[in-house]
Every structure is written in structure tokens, then in C-alpha cells.
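Notes follow once the structure below has been shown.
The values are calculated or read from the model by the stated rules, or taken from the named source; none is laboratory data. Since we're looking at a predicted model, the values are computed, not measured. All Cβ positions, glycine included, derive from the backbone under ideal geometry; neighbour counts span all protein chains shown. Keep in mind that these areas ignore ligands, DNA and RNA; they rest on the heavy atoms of the full protein, side chains included. Shrake-Rupley method; radii C 1.70, N 1.55, O 1.52, S 1.80 Å.
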Amino acid sequence: MKRAFDDLSLAYAASELRRRSPEISAFVDWIRPQQGDQALDVASGPATIARVLTPRVSRVFAVDLSHAMLSQAGCFEALPANLFLTSGDVERLPFQDATFDLVTCAYAFANFREISVMLRESARVVVRSGRVAFMDVIAPEDPSQCDNLNRIESMRSDFYTRIRTYSEFVELFRDAGLTLDMAQLHPGRQRMTDWLRLSPVATDPERSKELQQALIDVGDKAGLRPRPVSNGEVEICYQTVWFLLRRELSWAR
């Protein structure tokens with residue numbers, strides 16, 4: 001998986017800066033970070049959230065398994081002095097218990113095979129009653145639509161991919177010792193070319209063509225509602241959720 005994300009690092013970083021910046025800024029506003037916070041952004045990629053956090057908190061650590069992804073954080077502008085990049089595994093975070101006031105993660109959960117381990121690690125490194133904020137795409141609650149969506153998503157790459165439903169997330173949070181404070185749902189649309197560009201399949205013409213056809217054939221049954229737009233382009237619909245959680249006072253390993 002590390003190799004796959006290394007290969008995608010340049011395209012992913014460019015897309016994140018162009019498409020995600022307004023959404024990330026709104027998400028950080030919603031979290032309401034405090035000036036004295038020590039913050040950690042896990043599976044940080046090119047440190048998109050971490051960079052937005054820097055003027056709002058004391059220090060930010062950005063952790064990602066892919067060094068190539070992290071290296072993109074400094075390619076477009078200089079790194080803020082209070083931003084620290086760290087290569088590391090989100091399932092074994094290289095930090096002591098109760099180190100951070102705030103932990104964030106965005107658009108990474110679909111590739112976590114052991115998502116419960118990552119959540120417990122997030123709970124471990126946050127202080128007592130600390131805040132944990134997540135943002136990601138969610139699957140439809142309808143089992144058939146959920147299965148179809150994940151079947152299409154699994155065609156995009158050769159590594160593990162599974163998009164969870166809202167109810168799955170809530171159960172996983174509870175099991176990890178995280179209490180849900182607030183949640184917001186945000187509908188969105190994405191052009192198919194952008195959706196394909198961030199996939200390892202994009203470099204394989206045959207697989208890319210197969211994926212595009214599957215999206216058109218099964219998209220409605222996966223809750224994606226593909227529709228034609230200008231210049232022969234196709235847009236798909238998706239649902240994003242923002243979660244703000246706190247570590248339970250009784251949390252234990």
C-alpha cells in the first residue's frame with residue numbers, strides 16, 4: 001500500500017490543494033481548534049489539514065505511512081515553523097499516551113483494514129476528554145447500494161478499499177472509547193476524470209475503461225447517481241460526513 005500511495009503522491013497533492021482547500025478550511029472552522037492545542041493529523045498525505053491548523057494551534061504533527069506524500073507538503077510553499085512531518089503507521093503511532101489535545105484525519109478510512117486499531121490509537125494519544133475530528137465519504141445504509149459502491153471502489157486499485165456507512169462508523173467509535181459530540185452530513189459531486197485520476201487504475205487504459213463502464217452501468221445502484229455534464233464529462237454524487245468526538249473518561253487500552 002505504501003508503494004501505491006508513493007506513486008500517487010504528486011497527483012493527489014495537486015488535487016487536494018485545488019479541490020479540498022475550501023472544504024478543509026470549513027472543517028477546521030467547525031472543529032474550533034484552540035490556540036494552545038497540540039494537534040496531530042493522521043494519514044495526513046500532503047499535510048492539507050495540518051497546514052490549515054498551524055495558525056490556530058500551538059503545534060501540529062502530520063503523520064503518514066508514505067514519505068513521498070509527506071514530501072509534497074513542502075513543494076508548493078514553505079512549511080510553517082510549528083508543523084512537523086513524521087513518517088509512521090497510524091496503527092502504531094510513534095507518540096506517548098495523552099500527548100495531543102486534538103487528533104484529525106480526513107479521507108483515509110476506506111484504506112484502513114484494521115480501522116478499530118487506528119481509532120484506538122487515536123483515542124490513546126489524545127488527552128482525557130480530548131477532541132478527535134474525522135471527515136470522510138460514507139456509503140449508503142442500504143446493503144445492496146453499499147455493496148455495489150464498494151465493488152466499484154475495489155476496482156480502482158489493488159489494495160484494500162472499503163467505504164463504511166454512518167452507522168458502522170458510530171459503532172466503531174463506541175467500541176474504541178470515543179463519544180460522538182456532533183456530526184454533519186455534506187452532499188457533494190465529483191467529475192469522473194478527477195475520480196479516476198486519483199486511482200492507480202488510471203495508468204492502465206483497459207482497466208480504466210472497464211471502471212468507467214462499471215460506474216455508468218452500476219452507478220445508480222451504488223447511490224452515485226452519475227449524470228452527464230459538459231464536454232462529455234460525467235459527474236457522480238457522494239455523501240461526506242464530519243465527526244467530532246471526545247475520548248471517554250473511562251477509556252482504557
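Odds and ends about this structure:
- Of the trypsin sites (Lys or Arg not before Pro) in the range 47-119, those whose Cβ has at most 14 other Cβ within 10 Å and which sit in DSSP loop: 92, 113
- Protection proxy ranking, peptides 163-173, 101-111, average beta carbon neighbours within 10 Å, highest first: 101-111, 163-173
- Measuring nothing but protein heavy atoms, the accessible surface of the chain at 1.4 Å probe radius is 51 percent carbon and sulfur.
- In the context of the full set of protein chains, residues of the chain present 47 Å² of accessible surface per residue (probe radius 1.4 Å, heavy atoms only).
- Normalising the average separation of contacting C-alpha pairs (under 8 angstrom, six or more residues apart) by the number of residues puts the relative contact order of the chain at 19 percent.
- Residue 204 accessible area, 1.4 Å probe, all protein chains in place, Å² to nearest 10: 60 Å²
- Among residues other than residue 88 with Cβ under 11 Å from its Cβ, the summed charge is -3 (Lys and Arg +1, Asp and Glu -1).
- Dividing the summed -39500 (n - 2.57) terms of all DSSP H runs of n ≥ 4 by the residue count of the chain sets its mean residue ellipticity at 222 nm at -10500 deg cm²/dmol.
- Local electrostatic count at residue 161 - Lys and Arg +1, Asp and Glu -1, tallied over other residues with Cβ under 12 Å: +3
- DSSP bridge pairs, the chain: antiparallel proportion in percent, nearest 5: 55 percent
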